[in-house]
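Report on the following structure.
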There are 2 protein chains.
Amino acid sequence: MSGSDTQESGARSRTRRAILSAAASVLARERTATLADIAKAADVGRSTLHRYFPDREELVKAVVEDSLEVLHESLTAAALEDGPPLEAMRRLIGALVDVGDRLQFLFGDPRMLDGYESGAPGAGPQPAIELIERGQAQGVFDAEVSAAWIEHALWALVYTACKDAANGKLARHAITSTVIRTFENGILQ
Amino acid sequence: MSGSDTQESGARSRTRRAILSAAASVLARERTATLADIAKAADVGRSTLHRYFPDREELVKAVVEDSLEVLHESLTAAALEDGPPLEAMRRLIGALVDVGDRLQFLFGDPRMLDGYESGAPGAGPQPAIELIERGQAQGVFDAEVSAAWIEHALWALVYTACKDAANGKLARHAITSTVIRTFENGILQ
DNA sequence: GCAGTCTGGGTCACAAATGTCCCATAGATA
DNA sequence: TATCTATGGGACATTTGTGACCCAGACTGC
């Protein structure tokens, strides 16, 4: 545990995380959810929520940053710069699926990441681009399309698969393998 | 022009279509756009908008139905049941890209199509599923994954490519070919 | 027990979006 | 010209989300 926060009591830290987690979950499903809804989901009073996050903007910002951090940790753990690109890509897909809820929140609203994608101070998903370019340079990945497109296609497939799983249209254990299969080989036999 | 409507003057019909089109475009970009914003984009007064669509709910419903109709027409024109599955699939992709704006509106909000997808009276995108199943039966498309997944993967790629094009990250003329390439063959060389 | 902190619920005021109504005006039509 | 239709703009009340504030109760550490 031991949150990296400077001077926050255990209780405060726990409440804070509960709010962030609940907010990510609720906002992923319904972007226009009320602060009262979020407070309810986090099992705290609306006053308490306001005490931690003065206004909606700050709450959303905190959830975005927290989600980016979670995503970043998952990507770091995948060690994308190690080993053959294809294997690293499979680890990447697994890592993304693991944080599917956060992805659904971050990428569910195209405008959620305004101001983060390009000028972000370090947290951006640059590792994925680097991996893709490495694979392209080695002739493993399709170099006829841009690395950015491949990255976006990857987000799209993972996002869709997670959504399908959330709706019961895809078995949870099949998410990763399905995405890998289609992403690597397409739909042609 | 003789709109197919029963008894609506040319002016009313034109205004109605202008509002629907503007609403689809604005709501695709910003789902929480104000009715005033939509009226402004359609270049009509807010009163006029209310005259055509009593409340927001009815407007959104009308835009959904209109978009489904546009999509359906595009799919019909693609004659998906004719010719080899692979060629039909390429026509399908082209048809979807052509109505990218509407797709962005319809699929931008997962809850937009609540009540339409399964129980819709005829307008559903069944043709795509049928084409995919035909291709799978002929051994042309991957039969190891469900037809529903292939369909969703297709939506996702088209949607992403259209969004990239809207953001200037992908040349407009390259949308179709890029989607076809990745969707058919994946990213492996 | 006692002081301090955290919390939940309640109230209040404010701003924004919405829906309704009314009226003057421009354009088409007879 | 006279009439009818469609429109834009303004005024208005209502609703909803929001943010600020206060207060009583619960909990913790001394």
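The values are calculated or read from the model by the stated rules, or taken from the named source; none is laboratory data. Note that the structure is a prediction, hence the values are computed from the model and not measured. Positions of Cβ are generated from backbone atoms using ideal geometry, with glycine treated the same way; all protein chains shown enter the neighbour counts.
Inspect all residues belonging to the stretch A:8-28 and state whether any of them is of a type in the set (Lys, Arg), under 26 Å from residue A:173 (Cβ atoms) and at pLDDT below 90. Break it down stepwise before answering.
If we filter the stretch A:8-28 for residues that are of a type in the set (Lys, Arg), which is where we start, we get A:12, A:14, A:16-17.
Applying the additional criterion that residues be under 26 Å from residue A:173 (Cβ atoms) yields none.
Looking through the stretch A:8-28, none of the residues is of a type in the set (Lys, Arg), under 26 Å from residue A:173 (Cβ atoms) and at pLDDT below 90.
Check B:126, B:138 and return the single one that is more than 20 Å from residue B:69 (Cβ to Cβ), surrounded by fewer than 21 Cβ atoms within 10 Å (Cβ to Cβ) and either touching a Pro at 6+ places or on another chain (Cβ under 9 Å) or free of Cβ contacts under 8 Å to residues at least 12 places away in the same chain (or both).
Details: B:126 fails: more than 20 Å from residue B:69 (Cβ to Cβ).
Residue meeting the stated conditions: B:138.
From (1) among the acidic types (Asp, Glu); (2) within 16 Å of DNA strand C (Cβ to nearest atom); (3) away from every other protein chain (no Cβ under 14 Å), pick out the condition that doesn't hold for residue B:109.
It is condition (3) that residue B:109 fails.
Out of all the residues in the stretch A:153-169, which are of a type outside the set (Gly, Ala, Ser) and either at pLDDT below 95 or on the phi > 0 side of the Ramachandran plot (or both)? If you could, list the steps in order and put the result at the bottom.
Taking the stretch A:153-169 and keeping what is of a type outside the set (Gly, Ala, Ser), we get A:154-155, A:157-160, A:162-164, A:167, A:169.
Answer for the stretch A:153-169, where residues must be of a type outside the set (Gly, Ala, Ser) and either at pLDDT below 95 or on the phi > 0 side of the Ramachandran plot (or both): A:155, A:159, A:160, A:162, A:163, A:164, A:167, A:169.
From the residues in the stretch A:153-189 that are within 19 Å of the chain's Cα centre (by Cα) and of a type in the set (D, E, K, R), which one is farthest from residue B:175 (Cα to Cα)?
Ranking the candidates gives A:172 first.
List the number of the failed condition for residue B:188; all other conditions in (1) touching a helix residue (DSSP H, G or I) at 6+ places or on another chain (Cβ under 6 Å); (2) more than 7 Å from every other protein chain (Cβ to nearest Cβ); (3) exposed (fewer than 15 other Cβ atoms within 10 Å of the Cβ) hold.
Exception for residue B:188: condition (2).
Any idea which residue in the stretch A:43-55 is farthest from DNA strand D (Cβ to nearest atom), counting only those that are buried (at least 17 other Cβ atoms within 10 Å of the Cβ) and under 26 Å from residue A:114 (Cα atoms)?
Within the stretch A:43-55, the subset buried (at least 17 other Cβ atoms within 10 Å of the Cβ) is A:44, A:49, A:52-53.
Next, only the ones that are under 26 Å from residue A:114 (Cα atoms) stay: A:49, A:52-53.
On the way: A:49: 9, A:52: 11, A:53: 8 Å.
It comes out as A:52.
Out of the residues in the stretch A:147-176 that are facing another protein chain (nearest Cβ under 8 Å) and outside any helix (DSSP H, G or I), state the one that is surrounded by the most Cβ atoms within 10 Å (Cβ to Cβ).
A:170
Going through the stretch A:19-44 one residue at a time, which ones are touching a helix residue (DSSP H, G or I) at 6+ places or on another chain (Cβ under 6 Å) and within 9 Å of DNA strand C (Cβ to nearest atom)?
If the condition is that a residue be touching a helix residue (DSSP H, G or I) at 6+ places or on another chain (Cβ under 6 Å) and within 9 Å of DNA strand C (Cβ to nearest atom), then A:39, A:42 are the ones that fit.
Return a yes/no flag: does the stretch A:163-175 have any residue that is closer than 19 Å to residue A:104 by Cβ and in contact with a Gly (Cβ under 7 Å, 6 or more places away or on another chain).
Here is the first cut: in the stretch A:163-175, the residues closer than 19 Å to residue A:104 by Cβ are A:163-175.
Of the ones still in play, those that are also in contact with a Gly (Cβ under 7 Å, 6 or more places away or on another chain) are none.
No.
What is the residue count in the stretch B:133-146 for residues that are within 7 Å of chain A (Cβ to nearest Cβ) and farther than 23 Å from residue A:176 by Cβ?
Qualifying residue count for the region: 2.
Tell me which residues, restricted to the stretch A:110-147, are among the small types (Gly, Ala, Ser) and at pLDDT below 95. Please lay out each step first, then the result.
Going residue by residue through the stretch A:110-147, those that are among the small types (Gly, Ala, Ser) are A:115, A:118-120, A:122-124, A:128, A:135, A:137, A:139, A:143, A:146-147.
Of everything in the stretch A:110-147, those that are among the small types (Gly, Ala, Ser) and at pLDDT below 95 turn out to be A:115, A:118, A:119, A:120, A:122, A:123, A:124, A:128.
Tell me which of these residue B:115 doesn't satisfy, since it passes every other one: (1) small (Gly, Ala, Ser); (2) outside any helix (DSSP H, G or I); (3) in contact with a helix residue (DSSP H, G or I) (Cβ under 8 Å, 6 or more places away or on another chain).
(3)
Hey, residue A:105 hits all of (1) crowded, with 20+ Cβ neighbours inside 10 Å; (2) farther than 23 Å from residue A:165 by Cα but one; which does it fall short on?
(2)
Let me spell it out: the conditions are (1) within 12 Å of chain A (Cβ to nearest Cβ); (2) surrounded by fewer than 18 Cβ atoms within 10 Å (Cβ to Cβ), and residue B:77 meets all of them except one. Which number is the exception?
Tallying (1) within 12 Å of chain A (Cβ to nearest Cβ); (2) surrounded by fewer than 18 Cβ atoms within 10 Å (Cβ to Cβ), residue B:77 fails exactly one: (1).
Got a sec? Which of B:130, B:58, B:87 is within 14 Å of another protein chain (Cβ to nearest Cβ) and either within 16 Å of DNA strand D (Cβ to nearest atom) or in a helix (DSSP H, G or I) (or both)?
On the way: B:130 fails: within 14 Å of another protein chain (Cβ to nearest Cβ); B:58 fails: within 14 Å of another protein chain (Cβ to nearest Cβ).
Residue meeting the stated conditions: B:87.
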